[in-house]
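This report refers to the structure that appears directly beneath it.
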Amino acid sequence: MRYKMLLATTAMTAAAAAMAVSLAPPPAQAQSDDDTPMAAVLAVEIATLREQYEARIRALEEQVRALQSGEMADPDDHGHDDHMDDDHGHAGEMAGHDDHGAMLEPQIGVVLRGMFTSLSAEDSEIAGFQLGHESERPPEGFSVGHSELSVSSDVGAAARASLVLGIGAHPGEPAELELEEAYIQTLPGSGLPESFTITAGRKLWSFGYLNERHAHEDDFADRPLPYRAFLDNGFNDDGIQLSLALPGDVRTEIGGGFFRGDDQPFGGSDNGRRALSAYARVGGDMGRDLSWRIGASLLSGEIVGGTGGHAHDEEDDHHGEENDHADEHDEDMDHHDEEDEHADEHMDEHDDDHDDEHADENGHADEMTPASFFSDGVFSGDRALFGTDFRLAWAPTGNARQSELIFQGEYLWQTDDGVYVLMDDAMEEHELTTDGRSAGWYAQAVYKFAPEWRIGARYARLSPSSASHIDHDPSALAVMGDWTSDRFGQLRLQYNRELLAPGMEDDQVVLQYTVSLGGHAGHDH
């Protein structure tokens, strides 16, 4: 605040000097010999004033630079500057507030969400894909869903810190507290180039368009199918990311990061440094009514026993117990004689035949079909997830707050090169080696036809890996309408029609409310 006051003083001083110069009659107006002495006097006085004001401005600029660099910081200073004599010999006091106290004052925000949901199908499993806990459909009936508590603050002038806690409450289950974000991010005053940013911790990282956004910022009540199938709704692993904004008329940003590899699409790391990312995005304005953005992203890493994201610790433990039981079972089998081995082989063949007779193309955990490996198996190997995104926003009236039409879409494809391991009912391991590719995309349009009213439609589709032998592409259609008020929040009514497996049609109706309390500086995009 002190250097801002000095800047204001500098501006006022410069303005006074300019006014003094402008009001003084120019020497060129002197046409007679009688006016020449007076013109000369005025010229000398103007030159003297100019020198004084320029000296004063230089002194104030030096003070500003000193304050910005911390050279004038006094550990015992509590927000008041020392007296400084001005050019006229008077003591001028510049009393200000301590910037450090203001910087450390946190912004606290709360987002409350609730919904009523009507579902026509009993489950919503996506054949050939593993769904994490976050990407499951909401429970039927009334539920408070997912709420959010955020705290953020500047850390001096160099960085900003943010903490976001997700609170999930599912009917009949204890409330869950999840650490969604906990990171520190450099600011322009950190000494780095202003266009260069470093972010470290846990965050919704730069990938595609939706991943960086919290769910309550979405245009629909749920995430599209590709985000559910590949990212468990969002990638927020622990790590570090570097980004650089390039100069030019077109807004260009490039960046990348290194991460543990514990969250989807990885979900398993043995040394905490198994994943990396890279991204590039460009955008700009076309006239005053149209803006655009396109981007490309990559997540790549090595997986060791990947099963899910942060919320799957219990599942990881369960798989570990299964592996322990399998090892014990193998040790016991080593002590059996050859007759028992032949008997077991006979029973295994009988079980395999039995499973083949009853296996359907959806693939369940207790059936050894190729689809079951992708839906329920544990993967180890190399995985890469690529993404492209676009967004086009048009304000017909030139004011996006009044009316706006937005087209948006993303295309994701994933490659797996490794081995899926799946346990059967007899606790024996079965392996499936794969080098395949799966993909998914969505496209949506949202139209704001009044300041508080919007309507929208979205279509999404998935393509399972050919190695899963699933002859069906899951799809979902969503239409919505919402009303938003700054004084209340948002109400949204949405209809979904999902076709996730052959013969599995799910008609969903969702009535959702979202209320925000406090500040959400960390959510500014």
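Overview of results
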read-out: Any chance Leu204 is more than 27 Å from Ala127 (Cβ to Cβ), touching a residue at least 12 places away in the same chain (Cβ under 8 Å) and part of a loop (DSSP other than H, G, I, E, B); value: yes
read-out: Single condition Gly239 does not satisfy, out of (1) part of a loop (DSSP other than H, G, I, E, B); (2) within 15 Å of the chain's Cα centre (by Cα); value: (1)
read-out: Complete set of residues in the stretch 376-392 that are buried (at least 19 other Cβ atoms within 10 Å of the Cβ) and not charged (D, E, K, R); value: Gly377, Val378, Phe379, Leu385, Gly387
read-out: Flag for Ala476 being closer than 28 Å to Leu119 by Cα, modelled with pLDDT of 95 or more and surrounded by 15 or more Cβ atoms within 10 Å (Cβ to Cβ); value: yes
read-out: So Asp435, is it of a type in the set (Asp, Glu) and either in a strand (DSSP E or B) or touching a Ser or Thr at 6+ places or on another chain (Cβ under 7 Å) (or both); value: yes
read-out: Leading residue by the ranking (surrounded by the fewest Cβ atoms within 10 Å (Cβ to Cβ)) among those in the stretch 187-201 that are of a type in the set (S, T, N, Q) and not in a loop (DSSP other than H, G, I, E, B); value: Ser190
read-out: Complete set of residues in the stretch 425-446 that are in contact with a strand residue (DSSP E or B) (Cβ under 9 Å, 6 or more places away or on another chain) and either among the aliphatic types (A, V, I, L, M) or crowded, with 18+ Cβ neighbours inside 10 Å (or both); value: Leu432, Thr434, Ser438, Ala439, Gly440, Trp441, Tyr442, Ala443, Gln444, Ala445, Val446
read-out: Verdict on Met480 being hydrophobic (A, V, I, L, M, F, W, C), assigned by TED's automatic domain parsing to the domain that holds Glu140 and part of a loop (DSSP other than H, G, I, E, B); value: no
read-out: Residue satisfying condition, being of a type in the set (A, V, I, L, M) and within 19 Å of the chain's Cα centre (by Cα), within set Leu179, Leu192; value: Leu179
read-out: The listed residue being assigned by TED's automatic domain parsing to the domain that holds Leu385 and more than 15 Å from Gly381 (Cα to Cα), out of Gly261, Gly267, Gly257; value: Gly257
read-out: Some residue of the stretch 249-267 being farther than 18 Å from Arg202 by Cα, crowded, with 23+ Cβ neighbours inside 10 Å and not small (Gly, Ala, Ser); value: no
read-out: In the stretch 293-306, residue modelled with the lowest pLDDT [restricted to those that are more than 22 Å from the chain's Cα centre (by Cα) and of a type outside the set (A, V, I, L, M)]; value: Gly306
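Yes/no matrix, rows are residues, columns are (1) at pLDDT below 90; (2) among the small types (Gly, Ala, Ser); (3) outside the structural domain of Met115 (by TED's automatic domain parsing):
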site	(1), (2), (3)
Gly156	yes, yes, no
Ala159	no, yes, no
Trp205	no, no, no
Leu210	no, no, no
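The values are calculated or read from the model by the stated rules, or taken from the named source; none is laboratory data. It should be emphasised that the depicted structure is a prediction, and the values quoted were computed from it without experimental measurement. No Cβ is skipped: glycine too gets one built from the backbone with ideal geometry, and neighbour counts run over all protein chains shown.
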